[in-house]
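Any read-out appearing in this document is the output of simple, stated calculations on the displayed coordinates, not a laboratory observation. Keep in mind it's a predicted model, so treat the numbers as computed, not measured. FYI the Cβ positions are ideal-geometry reconstructions off the backbone, even for glycines, and counts take in every protein chain you see.
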Amino acid sequence: MEQPSPNPQPAVSHHLVFPTRVTTIAWPDTEALNADLLRIFDEDPAYHQPEHLETADNANMLDLCDTHPAVARLRDLFIQGLRSWMEAEGIDGQYTAELLMFPVYSLPQQFVPAHNHLAHVSAVYYVRTDDFSDREVVERGDTAAYFRSDGGVLLLHDPRFNALLMDLAKQDAVKIFPRPGLMVLMPGYLWHSGLPNYAQFNRLAIVGDFILREHATRSTHAFELAFGQG
């Protein structure tokens, strides 16, 4: 009888949608990690205010790494995920990566409207979600599926202008059905929405935004500039 692996590996999948590379990683053994992350936000009343989502990215969760080992571990998972996405894209070279981590702590009925990120690569890690175990992680559908409000789902928007007019397959809806321990990575330019939280509990996802700076061999000069009253 084959014995289970003592160190289970994450399940990594790459999806070309629109076509845009979207990578999903189902990290194993994340129950303790997720419980530790939830305690940070469930026990702090500041995150339970409806206005929290409006300012969630004003602070960087990396500042908590020294006092919360779970945040440091999630940082490392984000970096591993970034490596996987970039290798699949065939990107070579030396880079410096700047990371911004912030929580999306959604109260019942809250949602995140269509937006993109000021980042080269944007990732999201799901800590607590609805139960979507009966659905595929990545589902494609027609126009009706695009407008169907599946609660708590990540909806990706086709970046090609009027693409549906020429798409004979009519598969313009791409949705990610999250589950705890799932990480999704995509280009920061890809527009997406977080559909309303219909659950009776507060959902938690954590975003990791990467800005990458290539180590160029040519001579470069950098200047620190300030404008206005800043």
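Peptides 29-35, 74-80: what's the order by average Cβ count within 10 Å, highest mean first? Each step should come with its number before you reach the end.
Values: 29-35: 14.9, 74-80: 18.1.
Going from most to least packed, we get 74-80, 29-35.
So what is the relative contact order for region 85-208, in percent, with contacts set as C-alpha pairs under 8 Å and at least six apart? All intermediate terms of the calculation are to be shown ahead of the outcome.
Details: 251 pairs, mean separation 59.3, N = 124.
Value for region 85-208: 48 percent.
Near the amide H of V104, under 5 Å away, which other amide H atoms are found, from residues 5 or more places off or on another chain, if H is placed in the peptide plane?
Answer set, sorted by chain and number: A205, I206, V207.
Go ahead and collect, in residue order, the members of region 4-26 whose backbone nitrogen is under 17 Å from a label point 7 Å along the Cα-Cβ direction of R160.
15-22
So what is Rg over Rh here for region 137-191, counting just Cα atoms and using Kirkwood for Rh?
On the way: Rg = 11.9 Å, Rh = 12.2 Å.
Ratio value, two decimals: 0.98.
For Y95, which sequence-distant residues (separation of 5 or more, or a different chain) have an amide H within less than 5 Å of its own amide H, given hydrogens modelled in the peptide plane?
Correct list: H215.
In whole Å, what are the extents of region 1-101 along the principal axes defined by its C-alpha atoms, from largest to smallest?
45, 41, 28
From the P(r) of the chain, could you give the percentage of C-alpha pairs in the tail past 33 Å? It would help to have the intermediate numbers written out before the result.
Working: 5469 of 26335 pairs.
In whole percent, the share of Cα-Cα pairs in the chain beyond 33 Å is 21.
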